[in-house]
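Trainee: Handing you a structure now.
The values are calculated or read from the model by the stated rules, or taken from the named source; none is laboratory data. Note that the structure is a prediction, hence the values are computed from the model and not measured. Cβ sites come from the backbone with ideal geometry, for glycine too, and all protein chains shown count toward neighbours. We work out accessible area using only protein heavy atoms, side chains counted, and drop any ligands, DNA or RNA first. Shrake-Rupley method; radii C 1.70, N 1.55, O 1.52, S 1.80 Å.
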Amino acid sequence: MLTMAAAFTELRMDQLPTDPLLHILSYLDFRDLICSFVSRRLNELSKHNPLWKSQCCKHWLDDRLQSGLSWFCLFKQYYTDLGRYIQYYAVLKRAWEQLKSFLQQRCPRMIASLKEGTTEVELNDIEAQIGCKLPDDYRCSYRIHNGQKLVIPGLMGSMSLSNHYRSEVLLDVETAAGGFQQRKGMRRCLPLTFCFHTGLSQYMALEPAEGRQMFESFYPCPDQTAQDPSAIDMFITGSCFLEWFTTYVHNVVTGEYPIIRDQIFRYVHDKSCVATTGDITVSVSTSFLPELSSVHPPHFFFTYRIRIEMSSSASPEAACQLDSRYWKITTSDGNVEEVQGPGVVGEFPVMTPGKVHEYASCTTFSTSSEYMEGHYTFHRLASKEEVFQVAIPRFHMVCPPFREPVVRTVRGSATL
């Protein structure tokens, strides 16, 4: 027993086989690999090239090595330049690459409008100019792409109705700094987007002030019932830049937001909002329009897009024409309204096997959420006497979370 114990105690680190040690080191974070080990052997193995290749792939999404450069040196180069963003870089870089890959063929003008990334010096100068620190996730994204040129269509989504158009550009940091807000009601707020047609912008709060949480994004909405111009309600769109941007990219690349006429439309489609009656399927997607809405007074504007499709396997005799529509509308306070009328937005579409008809309409409510359902009435082209109904699935319209300004909250408390 003593001899066996002595044999084990004499085993030194430099006698252990290399492969198991490298396997163990592969589980370490880059910070642990950089630290000096007590063992000279581990110090030497921690510089092993394949270990740093995996670190470069993980943190910098780079799997291509320049000639004459080791993976360890490549990692150090990235870290020297972008080390402060290491917790964000891979997520944001991947999001940008997915977005560009998805839009390259579908919306080439958007891709052409993207600007090259800015520099650390330029971002530091912007902070000095506005007198506020920019969050690291925002800075990291702008190191990759400095927003886009002021062109149409905007990268951050469009909306088009018969007499209304919106397209939001992702502002470059210099233009954003020019729109930095210091006025009462919007203090320390940096614009993220801008729409030429409506003047609409989404903002990011750089400090927790006037009822806003630090780094959250929002659409400002003036309180139309208050005499104080600093009373500005907020439709919240994200808790931080990282969430705001990556959520948007996910909705684009997964097809949640449709591409229509080379533009991204921010319609949301609930997969349960589909109904099939015979050979005809009806699906619905919705969108909230903050620029046409208000919290005070309560006025919430929604648009919905409906897709009517006849199965390609339907028989030619199934061809039909839409005659009328019927809606049952229920608001969150329990009120029910029924609406019926001829056609859809002035049209009476004819449906034949494989045909798709899409249209958009809009509605307003005094409550922040409601749902609609109903049916269309069709007749067969071969026999006008054959009339039937096609179900429209129930779909919900819910505005984003909103928050009242401190000035209203304080005034309300004083009144109580």
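Trainee: Heavy atoms of the protein only, probe of 1.4 Å, neighbouring chains included. What is the accessible area of H23 in Å², nearest 10?
Mentor: About 100 Å², rounded to the nearest 10.
Trainee: What ratio of Cα Rg to 2.2 N^0.38 Å holds for region 66-131?
Mentor: 1.45
Trainee: Of K149/K184; K93/K115; K58/K133, which ones are farther than 21 Å apart at the Cα?
Mentor: Check vs 21 Å cut-off fails for K149/K184; K58/K133.
Trainee: Name the lysines eligible as straight-distance cross-link partners of K328: C-alpha to C-alpha under 29 Å, and not fewer than 8 places from it in the same chain.
Mentor: K271, K355, K384
Trainee: Hey, another quick one. Quote the FRET efficiency, to the nearest 0.05, computed for S26 versus E256 with a Förster distance R0 of 45 Å and r equal to the Cβ-Cβ distance.
Mentor: So, using R0 = 45 Å, E works out to roughly 0.75.
Trainee: Out of G341, G117, G255, any idea which swings most in a Gaussian network model of the chain, alpha carbons joined below 10 Å?
Mentor: It is G341.
Trainee: Between E386 and D333, what is 0.36 nm times their sequence separation minus the Cα-Cα distance? Round to one decimal in nm.
Mentor: Using 0.36 nm per residue and subtracting the Cα-Cα distance, I get 15.2 nm.
Trainee: Related question: Mind jotting down the distance between the C-alpha centroids of region 158-196 and region 317-341, whole Å?
Mentor: One Cα centre to the other: 37 Å.
Trainee: What distance in nm lies between label points placed 7 Å from Cα along the C-beta direction at V356 and R109?
Mentor: For V356 paired with R109, the spin-label model returns 2.2 nm.
Trainee: Helix 49-60 against the longest principal axis of the chain: what's the angle in degrees, Cα atoms only, rounded to the nearest 10?
Mentor: Long axis of 49-60 versus the principal axis of the chain: about 30 degrees.
Trainee: Provide, as a two-decimal number, the C-alpha radius of gyration of region 89-251 over 2.2 N^0.38 Å, N being how many residues it has.
Mentor: Here the Cα radius of gyration is 1.03 times the empirical estimate.
Trainee: Give me the log10 of I(q) over I(0) for the chain at q = 0.07, 0.10, 0.11 Å⁻¹, as the Debye formula computes it from C-alpha points; what are the numbers?
Mentor: These q points yield log10 I(q)/I(0) values of -0.51, -0.84, -0.95.
Trainee: Further question: With label points built 7 Å along Cα→Cβ from the Cα atoms of H379 and Q340, find their separation and express it in nm.
Mentor: 1.5
Trainee: Could you calculate the contour length gain from Y371 to S315, that is, 0.36 nm times the residue separation minus the distance between their Cα atoms, to one decimal place in nm?
Mentor: Gain on extension, Y371 to S315, equals 16.8 nm.
Trainee: Give me the net charge of S283's neighbourhood, meaning all other residues with Cβ under 11 Å from the Cβ of S283; Lys, Arg count +1, Asp, Glu -1.
Mentor: Neighbour charge sum, excluding S283 itself: 0.
Trainee: Size of region 267-402 along its principal axes in angstrom, Cα-based, largest extent first?
Mentor: 53, 24, 23
Trainee: Whose amide H sits under 5 Å from the amide H of C362, counting only residues 5 or more places off or on another chain, with H placed in the peptide plane?
Mentor: Y304
Trainee: Taking amide H positions as placed in the peptide plane 1.01 Å from N, state which residues far from G157 in sequence (5 or more) or on other chains have amide H under 5 Å from it.
Mentor: E168, I264
Trainee: Okay, moving on. With every protein chain kept in the model, how would you rank E168, E120 by accessible area, 1.4 Å probe, largest at the top?
Mentor: Reading off the accessible areas and sorting them downward yields E120, E168.
Trainee: Suppose R0 equals 45 Å; then what is the FRET efficiency for S162 and T80 from their Cβ-Cβ distance, rounded to the nearest 0.05?
Mentor: Rounded to the nearest 0.05, the efficiency is 0.25.
Trainee: Using a Gaussian network model of the chain with C-alpha springs under 10 Å, which one of L65, L99, L74 is most mobile by mean-square fluctuation?
Mentor: Highest fluctuation of the listed residues: L65.
Trainee: Among Q389, Q213, Q227, which one moves the most in a GNM of the chain with springs linking Cα atoms closer than 10 Å?
Mentor: Taking springs between Cα atoms under 10 Å, the residue moving most is Q227.
Trainee: Per residue, how much accessible area does the chain have with a 1.4 Å probe, in Å²?
Mentor: Per-residue value: 50 Å².
Trainee: Please give the Cα centre distance for region 226-262 versus region 60-85, rounded to the nearest Å.
Mentor: Computed from Cα coordinates, the inter-centre distance equals 33 Å.
Trainee: May I ask you to derive the FRET efficiency for Q129 and L16 from their Cβ-Cβ distance with R0 = 45 Å, giving the value to the nearest 0.05?
Mentor: Efficiency, from the Cβ-Cβ distance: 0.20.
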